[in-house]
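Step one of this worksheet: look at the structure below.
The values are calculated or read from the model by the stated rules, or taken from the named source; none is laboratory data. None of the values given here were measured: they were computed from a predicted structure. Neighbour counts run over all protein chains shown; Cβ positions are idealised from the backbone, glycine included. The accessibility values were calculated without ligands, DNA or RNA, using every heavy atom of the protein model including side chains. Shrake-Rupley method; radii C 1.70, N 1.55, O 1.52, S 1.80 Å.
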Amino acid sequence: LENLIVFTTRPETLFAVQYVALALDHPIVQKYCEEMPDLKEFIQKSDQLPNDTKEGFQLPNIKAVNPLTKEEVPIFAAPYVVSSYGSAPSAVMGCPGHDNRDFEFWQTNCPGEHIKTCIAPFFDDASKVTEQERQRIIDTVPFTSTDGVLTKECGEHSGVLTAVARKSIMGMLNSEGLSKSVVRYKIRDWLISRQRYWGTPIPIIHCDNCGPVPVPESDLPVKLPELEGLDTKGNPLSTIDEFVNVACPSCGSPAKRETDTMDTFIDSSWYYFRFLDPKNTSKPFDREIASKNMPVDIYIGGVEHAILHLLYSRFIAKFLGSINAWSDPAGIFEPFKKLVTQGMVQGKTYVDPDSGKFLKPDELTFVNDSPDGNTVIIKSNGKVPVVSYEKMSKSKYNGADPNECILRHGPDATRAHILFQSPIADALNWDESKIVGIERWLQKVLHLTKNILSLEKDLAISKDYKTPTDLNDAEVKFHNDFQRFLKSITESFEVNLSLNTVISDYMKLTNILESALKKGEVRNEMIVQNLQKLVTVIYPAVPSISEEAAEMINSQMEWNQYRWPEVERTTESKFKKFQIVVNGRVKFMYTADKNFLKLGRDAVIETLMNLPEGRMYLMNKKIKKFVMKFNVISFLFHK
Ligand SMILES: [Zn+2]
């Protein structure tokens, strides 16, 4: 009996293992090969098979024992098993019932044989899957979802969810020494050398006697030589003799300096460390300074930052952590807490439907002379161009200059317009005409500030003004609505960077204030208090407008315009509307203290009887049944 190491990512499928497949270079296969000419032939021919071939060669007189079920299963030599997966000889287990490739392999090599399963789909009561759909999923073989529940054939594990079974099965086998959990990183090579001038020199000297020798630390850093223009073909460094020809640091004989430079990804992988300590002349950066300030709180960039650069930066940051160049209390040495990849601004693009050519704005006629008018005609042929939004480019004549927009509408309106047009990660279709909505809102903020401040002479609230506790219904609604949007704005900045909804929430807050001002049901102090909050929270997006409004408020009272308002608890009205139901029909409503029902049955009935409506509907009748619950007070009278 020999040990055979098999790899799997799904130990919970062990119950349904029906075979083991070995790579062709596995020692067991190699051993058989010496004695079996037809296996040898199979291996030789396998070169011509496609990578995903289902061919297999069953090894005679040998079986593998399942460590969990102690069942014996056949062993195949199979070209689909990639050689030396990891460091150990390569072998995988086959579960035809739970894996597509294993299923096809089994069909090819053992056609017609029973297929075992050990995982069934799991439907919780909340899942809205129709009975028919459920049956279809249950009947599907192989069942390849990684989520499910172990079947009754799985002994003590039956009825357990796969995610749980995975751990408990591994725990059991690990403790018996029959398995070992490993983490496998799918790491690929990163070739960092480039045949290019513009990069960090690789500090290596090549010597015929000693081979590659590192540049001594005292000679570091190797600096790029000055160049008179970059007009050579290939890497200019290799043509600069003073740079290339050096003495070997080890034996002193003539040697050549490495002329490849490092991939610029190397530099972009750690610049955020250097930025923390840019004037350090003895080290890349100071350990204390880096440990105090890292990781980066939020990293904003184009989507290209989310792929290779992110991978490399994390790798380098973790490497720097592993050599103790910085410390991370969390112990994970991740360089960025949060990454946000913003979308691209796309320009309106006009194409001639006949020639397919991109059109310049001066080749088009815009109705009303507005470059953003909806009706556009091609001057030369009178046709309507094809309009689309595409990445801005000179050849498409679809660029928009933000400076021009700022000159026309101001920086605040331009900024808010950009934020408002689409979620931060999505493409933004640039349409300057839509900025009017933003401009209208900004005007409204200033008008509103002026109108609120002139509500009464010398209207002012103290710096420590607190939301009163005796709110009327209108004030409760006003307060709660305001808190709701304040909360949404705060979370949008702090949690999800949903900056487009921030702008729409600003507009909603402005409307809440405006309507409260119009209706006059909210006390002036509360309106002023919440105006101050609005002026503060719009600052990040529209600072000039915020300052302008703040200045008006400052002229009348003292307050701290730069302190972000805390989101207060929403409150409930002290009052409640009760429905008075007589013989099953609502007869009238009564607004009372919300604890009215706590007065008790007799007091409630007496209070109602004394109302004008009470005298009309309730007097001189004999009560058969009386119920009071929530906001309903119900009488059932004898006929
Ligand atoms: Zn040497």
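Below is a table of values for the structure above.
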| read-out | value |
| --- | --- |
| Identity of the residue in segment 216-253, in contact with a strand residue (DSSP E or B) (Cβ under 7 Å, 6 or more places away or on another chain) and free of Cβ contacts under 8 Å to residues at least 40 places away in the same chain, that ends up farthest from the ligand (Cβ to nearest atom) | LEU224 |
| Among the residues listed as VAL296, VAL351, the single one being touching a helix residue (DSSP H, G or I) at 6+ places or on another chain (Cβ under 6 Å), more than 24 Å from GLU217 (Cα to Cα) and of a type in the set (A, V, I, L, M) | VAL296 |
| Unmet requirement for MET170, which otherwise passes all of (1) under 28 Å from ARG101 (Cβ atoms); (2) in contact (Cβ under 8 Å) with a residue 60 or more places away in the chain; (3) not in a helix (DSSP H, G or I) | (3) |
| Residue count, segment 501-525 (criterion: without any contact (Cβ under 8 Å) to a residue 40 or more places away in the chain and surrounded by fewer than 23 Cβ atoms within 10 Å (Cβ to Cβ)) | 8 |
| Strands (runs of 3 or more DSSP E) enclosed by segment 1-119 - at least 2 residues per element that are over 18 Å from ILE169 (Cβ atoms) | 19-22, 57-65, 72-77 |
| Scope segment 286-306; condition open to solvent by 60 Å² or more (accessible area, probe 1.4 Å) and closer than 20 Å to LEU497 by Cβ; matching residues | ASP297, ILE298, ILE300, VAL303, GLU304 |
| Residue match in segment 198-215 (condition: within 14 Å of VAL244 (Cα to Cα), away from the ligand (no atom under 12 Å from the Cβ), in a strand (DSSP E or B) and under 40 Å from the mean Cα position of the chain (by Cα)) | yes |
| Close pairs (6 angstrom Cβ cut-off, 6 or more residues apart or separate chains): under 10 Å from ALA21 (Cα atoms) in segment 53-78, open to solvent by 80 Å² or more (accessible area, probe 1.4 Å) and outside any loop (DSSP other than H, G, I, E, B) anywhere | PRO74/GLN58; PHE76/GLN58 |
| Filtered residues of segment 1-35 (kept if open to solvent by less than 70 Å² (accessible area, probe 1.4 Å) and hydroxyl-bearing (Ser, Thr, Tyr)) | THR8, THR13, TYR19, TYR32 |
| Output for segment 421-442, where each listed residue is in contact with a helix residue (DSSP H, G or I) (Cβ under 6 Å, 6 or more places away or on another chain), at pLDDT below 95 and open to solvent by 40 Å² or more (accessible area, probe 1.4 Å) | PRO423, ILE424 |
| Test: residue in segment 93-111 that is open to solvent by 40 Å² or more (accessible area, probe 1.4 Å), over 29 Å from TYR185 (Cα atoms), at pLDDT below 90 and not charged (D, E, K, R) | yes |
| ASP263 more than 16 Å from the ligand (Cβ to nearest atom), farther than 28 Å from LYS283 by Cα and at pLDDT 90 or above | no |
